[in-house]
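Take a look at the structure below.
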Amino acid sequence: MTKQTTKQDPHSRITDRILAELEQGTRPWLKPWSGGDMAVTGRARPLRATGQPYRGINVLLLWIEAQASGFVSPSWMTYRQAQAFGAQVRKGECGANIVYYGDSNKTVRDETSGEDKAQSFRFLKTYTVFNVAQIEGLPERFLVLPEPAPEEERIEAAEAFFASIPATVNHGGDKAYYIPSADRIQLPPFAAFHDAHSYYATRGHETLHWTRHKSRLDRSFGREKWGDEGYAREELVAELGSAFLAADLGLAIEPRPDHASYIASWITVLQNDSRAIVQAAAHAERAVAFLHQLASPEEVKAAA
């Protein structure tokens, strides 16, 4: 696993957390549905104190924390935010560490001219948030769980969303895949899936691959052949992206039958690169945002 140090950088801490889940044979991005949380909350993305959903790697980190601690509410906030509401984190409660990217500048010496110049760079820092279940005295609105949308409305929203995506989708056969050379998605017939959630979740996964085309987000990771590192990285992006998209559309995801081989390949990637999971989550979030932009405003609203 990632080398342990006295003070690990945020990327290594995140990677070790994800690796611990993967090495147990579980995909942490599927866990929000395994305990029936979505049936209770009707919303799978964790929420900020403002009600806005978290994005990227923080979605994954808070999903893991909620599952481990048994939290049902999707809302999280910092200690100071709780105080601003006149509330207080209960004594002894442990918060969840999440991250944010910041921008800064440093002065470097230009070896050619010998002059100093400003160079910008991005950095990753951690901060702590608490689930509302750990806080006393919050306004009533934080204590009321959102009602889940009726099943038929969730499926209608998914159908409308995918209908708005201009991808070529053919149905037939018994396998689901995306063919980059033909820029086409192939899916088994709708009736071949044991329920509508499985169909739309699978379609979401392949549509995430569709965003990698050079005419769209041009995402390759140096992939040259099936099963290489670039392939594993792309599959990780599609896995995370389809989980994020399923959360937006109110869909449940089940593990795929080939999950063991994929998990093994992801473990290898993460062991070799502590930044891989954060980067994959960022690519996944960008792909999901791209798909939402293609959808009409009405469909985006229905899927939110």
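The values are calculated or read from the model by the stated rules, or taken from the named source; none is laboratory data. Bear in mind the structure is a predicted one, so any value in this text is a computation, not a measurement. Note: ideal-geometry Cβ built from the backbone for every residue, glycine included; neighbour counts use all protein chains shown.
For every residue, the table says whether it meets (1) under 30 Å from Ala49 (Cα atoms); (2) of a type in the set (D, E, K, R); (3) touching a helix residue (DSSP H, G or I) at 6+ places or on another chain (Cβ under 9 Å).
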position	(1), (2), (3)
Ala163	no, no, yes
Asp174	no, yes, yes
Pro180	no, no, yes
Arg219	no, yes, yes
Gly222	no, no, yes
Trp226	no, no, no
Glu234	no, yes, yes
Leu240	yes, no, yes
Leu245	yes, no, yes
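Of the set (1) assigned by TED's automatic domain parsing to the domain that holds Gln52; (2) touching a Leu at 6+ places or on another chain (Cβ under 9 Å); (3) of a type outside the set (Gly, Ala, Ser); (4) in a loop (DSSP other than H, G, I, E, B), all apply to Lys91 but (2).
Where helices (runs of 4 or more DSSP H) fall wholly inside the stretch 1-80, the ranges with 1 or more residues that are aromatic (Phe, Trp, Tyr) and at pLDDT below 90 are 31-34.
Here Arg90, Arg154 are screened, and the one residue that is over 22 Å from Ile14 (Cα atoms) and within 26 Å of the chain's Cα centre (by Cα) is Arg154. State whether the residues of the stretch 211-219 include one that is within 16 Å of the chain's Cα centre (by Cα), closer than 27 Å to Ile165 by Cα and in the same structural domain as Tyr199 (by TED's automatic domain parsing). Yes, the stretch 211-219 has at least one match.
Checked against (1) under 29 Å from Glu151 (Cβ atoms); (2) under 20 Å from the mean Cα position of the chain (by Cα), His194 passes all but a single condition, namely (2). For the stretch 132-166, how many residues are β-branched (Val, Ile, Thr), modelled with pLDDT under 95 and surrounded by 12 or more Cβ atoms within 10 Å (Cβ to Cβ)? The total comes to 1.
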